[in-house]
Amino acid sequence: MAAVQDPAKVEAGPRPSNPRDGVHRSQHDLVEAAVAAAEAEARLPRKELFARYAPAAVFSSLLSLALVMEGMDVGLINNFFAHPNYLQKFGWPNSDGKMHISTTWQSSIGAGNNVGSLIGLLLNGYLQSRFGSRRVYMGGMVAMGCAIFILFFSQSVEMLLAGNIICGIPWGMFQTLSTAYAAEICPAAMRGYLTAWVSMCWGAGSFLATGVLRGSLNLQGDAGWRVPYALQWVWVPPLLLVGFFAPESPWYLIRRGKVDEAEKSLRRLARKGHYTEESMAETIALMKHTNEMERLEAANASYKDCFNGENKRRTLIVCMAWVVQMFNGQSITQYAALMLKAVGMSTNDAFNYNMGIQSVNILATGIAIALMGKIGRRTFYLFGSAGIGACMLVIGILGFATSKKVHAVPVAAFLIIVQCIFKVSLGPTTYVIVGEMSSSRVRAQTIVLGRGLYVCCGFIAQQINPRMLNSDSAAWNWGAKTGMFYFGFCFIWVLWIFFFLPETKERTFAEIDYLFKKKTPARNFATTPIDLFEFTAPSDKSANTLGHDEQVEEITVGENKRTTS
C-alpha cells in the first residue's frame, strides 16, 4: 500500500501506477515533450529564436568578451618581438649591432603565458564546478586587472616572463569558463551561434592587438609598448559588472540540487512570459533526466570521471579538437610580422600586412556564425583542415622554389587566405564541438583537459615557430618552408575528422549522451534514432553514493519511487 506523501514532493502532472523502465510515465512524458520542443526550436527562423532567448544571447556574448583580452595579449606577445620601441627597451645588440630579443627568450616569454594558462585551466576545472560561473568569472576579472600592472611596469625580460605567467592564470580560467557558460545557458538550437561567438571575441582581440601595435609605432619611448598593455584595463570594469548581473548557469544549479534557483535562472535567460508552468516543468525534467543519465559514469564530477566509460571517448574527441586547432599552420599567422620581416619586408610593411591578415577575423567568424545553423560541425572541420592544408602546401612550395624577396607578398596573401579559412571553420567550430561533446556533469573538467592539451601544444608551437621562422644564428631559418611541416599535420587531421569526429548539430545534451552510450560510430551520429529512456539510473541508487551537492534531489526522487512500489 502506498504511503501518504507530502503533495509538495509529488511531481507535476498525472501519475500513473505503472513505471516505465524505472521512470514514472509522467516524467517520461515531460522529457519527451521537452525534446519535441527542442526539435521544434531547431526549425525556427534565427530571428525568432534569438528573440525568445535574447537575455541568454546578451549575457553569453558579453561574458565572452573576456576572450578579447586573451586574444589581444597573444597578439601582443608574438608581434612585440618585431616592435622597435619594445626591442629598444628589452633587447640587446646582435652581431650586426641591431637590437633584438633572442629566439630563446622569445620562446620563454611565450611559454610563460602558456604555463600561467595551464594553471588557470586546472584551477577553473575545480572552481567552476563548485562555485559556479559567475563568482569564478568575477574573481578572475579582478585578478586580471591586478596582473596587468606587472607587464605595464616591466623593466626587463625577466619581469616580462613573470608578468606573462601571472596574467596567464586568469586568461586560462576565461578560456574554458566562457565556452562552458555559453553552451549551458542556451537551447540546443542556439549553442552553435553562442559558442562560435567565443572564437569571434578571440579573433577580435588579435585584430585589436595588430591595430594597436601598428598605431604605437609612432609613439616615442616606453609609451610605444606600455600603451598597448594599458588598454587591456579598459575591459575590466564593465566586464566585472556584467559578471555581477549575469544569471548563474541553470545546469550548474541542477547539478547542485537547487531546482528553484535553476527555474529562476531559466526565466531570466528567456524573454518575459516565455516559460509557462508546463514548459518549465518539461525543461527541468529533461535537465534532471540528462543529469541522471550522466551520473552513471560521473557520480562525483571529478577529473577521473572524464575517463570513465564513454566519457573517455568524449574527452579524447575534445582533446583532439583542440590539437587540430593548434597544429594546422594557422598559428604562424600570430607571428606574421616576424615572419614577413624574415622573408624580406620592411617593419612598416610587415605590420601593415599583419593588420590585413588579422582584419579578416571578425568578418570571417561572422560568416561562420551565420552558417552555423545550416552546416554541420564535421563539415566545417573537414573542409577547414583540408583548405588550410592546401594553403600550407603552396606556402611550402614557394619557400623551396623562389627567393625570399620574390615570395614575400605571395606568402602574405596566402596567410590571409589561411586566416579566412580558419576563422570560417576550425576557429569558431572548435568552441562549438568542445561545448557540445563533453558530458554536462564534467563539462568544465573535460574542457579544461582539452584546453590544457591545447596550451601544451601552444607551448610546443611557441618553441618551434620562432625557430622555424626566424633568420638569426640560433634559429632554423625555414621561412616559408614551414608550410610543408604543417601540411603533414593537416593531412592527418582530415583522416581523423572523417572517421572519428561525430556530428552533434541540433542534438540535445540528452540525445548526445544516448548516442555515446550506444557507442554510435561517428559517421552515424546524425541519422541514428533516439530512445532517451533506454538508459536510466539504477532504482536502488542511494544518496550516500552521490556528491554532497545532489543528496537533496536524490532524497526527493527516492521518496517518489517508494510511493509507487
Condition first: part of a helix (DSSP H, G or I) and surrounded by fewer than 19 Cβ atoms within 10 Å (Cβ to Cβ). Can you find one or more residues in the stretch 181-193 that meet it? no
Val234 fails exactly one of the following numbered conditions: (1) open to solvent by 60 Å² or more (accessible area, probe 1.4 Å); (2) within 19 Å of the chain's Cα centre (by Cα); (3) of a type outside the set (Gly, Ala, Ser). What is the number of that condition? (2)
Is it the case, given these coordinates, that Val448 is touching a helix residue (DSSP H, G or I) at 6+ places or on another chain (Cβ under 7 Å) and aliphatic (A, V, I, L, M)? yes
Give the residue, chosen from Ile395, Ile367, that is modelled with pLDDT of 85 or more, open to solvent by 10 Å² or more (accessible area, probe 1.4 Å) and not acidic (Asp, Glu). Ile367
I want to confirm something. Restricting to the stretch 422-467 and keeping residues that are of a type in the set (A, V, I, L, M) and free of Cβ contacts under 8 Å to residues at least 60 places away in the same chain, which single residue is most open to solvent (accessible area, probe 1.4 Å)? Ile460
Working only within the stretch 273-298, note down all residues that are at pLDDT below 85 and open to solvent by 20 Å² or more (accessible area, probe 1.4 Å). Glu292, Leu296, Glu297
Just one of the numbered conditions (1) surrounded by 12 or more Cβ atoms within 10 Å (Cβ to Cβ); (2) closer than 30 Å to Trp225 by Cα; (3) at pLDDT 75 or above is not true of Lys98; which one? (1)
Could you identify the single residue in Met144, Met138 that is among the hydrophobic types (A, V, I, L, M, F, W, C), touching a Pro at 6+ places or on another chain (Cβ under 9 Å) and under 16 Å from Val242 (Cβ atoms)? Met144
Would you confirm whether or not the stretch 497-517 contains a residue that is under 29 Å from Ser108 (Cα atoms), at pLDDT 85 or above, open to solvent by 50 Å² or more (accessible area, probe 1.4 Å) and in contact with a helix residue (DSSP H, G or I) (Cβ under 6 Å, 6 or more places away or on another chain)? no
Is it the case, given these coordinates, that Thr527 is open to solvent by 40 Å² or more (accessible area, probe 1.4 Å) and at pLDDT below 85? no
Got at least one residue in the stretch 160-170 being open to solvent by less than 40 Å² (accessible area, probe 1.4 Å), closer than 18 Å to Lys89 by Cβ and either of a type in the set (Val, Ile, Thr) or touching a Phe, Trp or Tyr at 6+ places or on another chain (Cβ under 8 Å) (or both)? yes
Would you confirm whether any residue within the stretch 479-492 is within 30 Å of Glu41 (Cβ to Cβ) and either open to solvent by less than 10 Å² (accessible area, probe 1.4 Å) or in contact (Cβ under 8 Å) with a residue 60 or more places away in the chain (or both)? no
Within the stretch 101-126, restricting attention to residues that are among the aliphatic types (A, V, I, L, M) and under 17 Å from the mean Cα position of the chain (by Cα), which residue is most open to solvent (accessible area, probe 1.4 Å)? Leu122
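The values are calculated or read from the model by the stated rules, or taken from the named source; none is laboratory data. The shown structure was predicted, so the numbers you read here are calculated from the model rather than taken from an experiment. All Cβ positions, glycine included, derive from the backbone under ideal geometry; neighbour counts span all protein chains shown. Heads up: the accessible areas ignore ligands, DNA and RNA and are worked out on the full protein's heavy atoms, side chains in. Shrake-Rupley method; radii C 1.70, N 1.55, O 1.52, S 1.80 Å.
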